[in-house]
Every structure is written in C-alpha cells, then in structure tokens.
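Engineer: First, the structure itself, so that you have it in front of you.
A short reminder: the numbers here are calculations on the coordinates, not readings from a lab. Predicted, not measured: the structure shown is a model, and the values here were computed from it. As a convention, Cβ positions derive from the backbone with ideal geometry for all residues, glycine included, and neighbour counts pool all protein chains shown.
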Amino acid sequence: MKMYETFKGKRVIWESKTKWIKNVITAVLFVCVILFARHALPPILFWLAIIFFGGMGTFALVWLLHPKNLFVSPGSQLGEEILDFWKREKEEDYGSFSYTANGFSFKENQHKIFYKWNDIETVFAHEEEISYDQMCLDIFMHNGSRLEIMEETPGWYKFKERLIKHVSLKPFVWDKEEPGYDPELTLLYDKKGRTLEEAEEDLYND
C-alpha cells in the first residue's frame, strides 16, 4: 500500500486537482457514449465497458472529494510552502539520536549505543545512491568501529549540527544545490592527520 506524506492532517497528492476532474469527466463521457451505442455492442462488451469506465470514474470522484486528500501541483506556491514546512520539521527532529555534553547515543537495530565525540578518529563525506542521491557520513571511532549516517536518517540535520560543533571538520558544502558541492569521497576530519588517500587506504581496504 502506498504511503503518503501528510500536511496539516491531510494526505499530500502531488498532482493537479484539475487532472482528476478531467479524469472524472472523461469517464462520464465514455459511459455516455457506451450507453448511446449499447444496441451496437455485444452484451458482454457493453457491461465490461460500463464496469471499467464507471468504476474508473467512481474511484476518481471519491478520491477527488475525499476530505483527507490534498491535491498539490508541483512547483505551486502551496507546494513550496509544504516542502519548506517538511524541511523545517526535519531540521528540528532529533530522530534516532540523543545527546550529552561529551557524546551522543544512536539507536540502530533496536540497540542504543553511546559514542564520545573525543573517540571519533576519522570522518568521511560522500554521496550515496539508494532511493535517491543523498549525502552520507562515514565515521570511524578509535576502537575501529564504523558508524554510517545517511541524509535520510531521522535526526540528520541535528546530528550534523552537533558534529560540526564538537569536531573540527574541514569546510564543506553540504547542500547539493550550492556551488562547490562535491559528491566524491571527501576527508572532513582525521585525528592522525592523514591525507585522503592514506586514510582511505587504511580504513576502507582492511
């Protein structure tokens, strides 16, 4: 079953309401034509056509009039307002993380693990393609463990904010829409002072 994102308690459907009105009208017109030509059609074909176009029109009308549905045209003012609202929500969401003065906890696979900021040895950033192109952080700890945080991970924005505050990361363009954004593997921090090539060789090729 398809899951829809919501806005003010309504399902957001990224399609024009005009399109659905046209679907209803088209279905009604087809039904009228079929009824008009019913004597020229075999009974089985007549009823199949009535059921198909009648059902399509009924579904479109019910979906159109459903009080929980909000039809939004992509690029419209309302669409931009919804996207901005969702972005603000994500930026304020702590998600799977909780924080203390000297570290953070991250819940993964039903287990919450605590990490100290001082235990972070190396931080890489790179773009990863899963359901869409998104930023990914590879964080290596002093004990050799590795933590992978994706842009779609709940709490990403707050975590990134705290990471920048507690770890001396190199300047980096996080927004793919901004000039200077680099999707390739980038070394943001390394406690041992290694180059990108040295750190990559030591940590990814073990």
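So that you can scan it fast, the table gives a plain yes or no per residue for (1) under 19 Å from the mean Cα position of the chain (by Cα); (2) closer than 30 Å to Glu148 by Cβ:
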residue	(1), (2)
Arg11	yes, no
Glu15	yes, no
Leu48	no, no
Leu61	no, no
His66	no, no
Lys90	yes, yes
Asp93	yes, yes
Gln110	no, yes
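Engineer: Could you tell me how many of the residues in region 162-176 are charged (D, E, K, R) and exposed (fewer than 12 other Cβ atoms within 10 Å of the Cβ)?
Structural biologist: Going through region 162-176, the residues charged (D, E, K, R) turn out to be 162, 165, 170, 175-176.
Those still in the list that are exposed (fewer than 12 other Cβ atoms within 10 Å of the Cβ) too: 165, 170, 175.
Of the residues in region 162-176, 3 are charged (D, E, K, R) and exposed (fewer than 12 other Cβ atoms within 10 Å of the Cβ).
Engineer: Which residue out of Gly155, Gly180 is touching a residue at least 24 places away in the same chain (Cβ under 8 Å) and among the small types (Gly, Ala, Ser)?
Structural biologist: Numbers: Gly180 fails: touching a residue at least 24 places away in the same chain (Cβ under 8 Å).
Gly155 is the lone residue from the list that is touching a residue at least 24 places away in the same chain (Cβ under 8 Å) and among the small types (Gly, Ala, Ser).
Engineer: State the number of residues belonging to region 157-198 that are under 21 Å from the mean Cα position of the chain (by Cα) and within 17 Å of Trp117 (Cβ to Cβ).
Structural biologist: Result for region 157-198: 4.
Engineer: Please enumerate the residues belonging to region 47-62 that are aromatic (Phe, Trp, Tyr) and either surrounded by fewer than 16 Cβ atoms within 10 Å (Cβ to Cβ) or in contact (Cβ under 8 Å) with a residue 60 or more places away in the chain (or both).
Structural biologist: Going residue by residue through region 47-62, those that are aromatic (Phe, Trp, Tyr) are 47, 52-53, 59.
Trp47, Phe52, Phe59, listed by residue number.
Engineer: List the number of the failed condition for Phe159; all other conditions in (1) loosely packed, with under 13 Cβ neighbours inside 10 Å; (2) under 19 Å from Tyr99 (Cβ atoms); (3) not charged (D, E, K, R) hold.
Structural biologist: (1)
Engineer: Would you check which residues across region 80-130 are surrounded by fewer than 15 Cβ atoms within 10 Å (Cβ to Cβ) and among the basic types (Lys, Arg) and list them?
Structural biologist: Hits for region 80-130 are Lys87, Arg88, Lys107, Lys112, Lys116.
Engineer: Yes or no: Ile21 surrounded by 12 or more Cβ atoms within 10 Å (Cβ to Cβ), without any contact (Cβ under 8 Å) to a residue 60 or more places away in the chain and touching a strand residue (DSSP E or B) at 6+ places or on another chain (Cβ under 8 Å)? Spell out how you get there, then give the answer.
Structural biologist: Details: surrounded by 12 or more Cβ atoms within 10 Å (Cβ to Cβ): yes; without any contact (Cβ under 8 Å) to a residue 60 or more places away in the chain: yes; touching a strand residue (DSSP E or B) at 6+ places or on another chain (Cβ under 8 Å): no.
When the stated conditions are applied, Ile21 does not pass them.
Engineer: Would you tally the residues in region 178-196 being within 15 Å of His126 (Cα to Cα) and surrounded by fewer than 13 Cβ atoms within 10 Å (Cβ to Cβ)?
Structural biologist: Adding up the residues that qualify gives 3.
Engineer: Oh, and also: Identify, by number, the condition in (1) farther than 25 Å from Lys191 by Cα; (2) surrounded by 12 or more Cβ atoms within 10 Å (Cβ to Cβ) that Met150 doesn't meet.
Structural biologist: (1)
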